[in-house]
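See structure below.
Taken together, the values in this text are just the output of simple stated rules run on the coordinates, not laboratory data. Predicted model, so just to flag it, every value in this text is computed and none were measured. Here the Cβ positions follow ideal geometry from the backbone for every residue, glycine too, while neighbour counts run over all protein chains shown.
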Amino acid sequence: MTADDPIELDTHRGMAAQKATEDRRHTAEVEADRVVLRQHQDDLEGALSSGPAATWEEAGLKAHYLITVLAGTSEGQDPRYKKLIASALEDIQRLSGAPESEGTPKP
């Protein structure tokens, strides 16, 4: 071992300290992901609110986004609303003429 070789500090700490370090690293990663997600949401919302929809498809995309946002709230988890949300998303999908995709979020 030379003076330039890095020292693996995790091997010199106890299990509790190693666990605490991993928890801090994980929390930092989650927070970084949250910041990126918030930026993407801001960009999408900016694009959706940039003006009135020019087509029914654009209006459907706006409605789909808003319904999906509602589905993620505590109110959206109410069983009555969950059923209505699922029905509205299915209607938008069916009326848009687009094939149902695997990635379509279900409330």
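Can you run phi through the Karplus equation (6.51, -1.76, 1.60; θ = phi - 60°) for the range 64-77 and list ³J(HN,Hα) in whole Hz, with x for Gly and Pro? Coupling constants for the range 64-77: 4, 4, 5, 5, 5, 4, 4, 4, x, 8, 5, 5, x, 8 Hz. Per-residue extension of 0.36 nm, minus the Cα-Cα distance of residue 45 and residue 95, leaves a gain of 15.7 nm for this segment. Where (i) 188; (ii) 213; (iii) 196 are the candidate values, the label of the one calculated here for volume of the Cα convex hull per residue in Å³ is (iii). Assuming charge only on the beta carbon of Lys and Arg (+1) and of Asp and Glu (-1), the dipole of the range 8-51 about its Cα centre is about 200 debye to the nearest 20. Here the extension length gained between residue 78 and residue 35 equals 12.7 nm, from 0.36 nm per residue of separation less the Cα-Cα distance. Which of 62, 19, 83 moves the most in a Gaussian network model of the chain with Cα springs under 10 Å? With Cα springs under 10 Å in the chain, the top fluctuation among 62, 19, 83 is at 19.
The length gained on full extension between residue 69 and residue 17, counted as 0.36 nm times the residue separation minus their Cα-Cα distance, comes to 14.8 nm.
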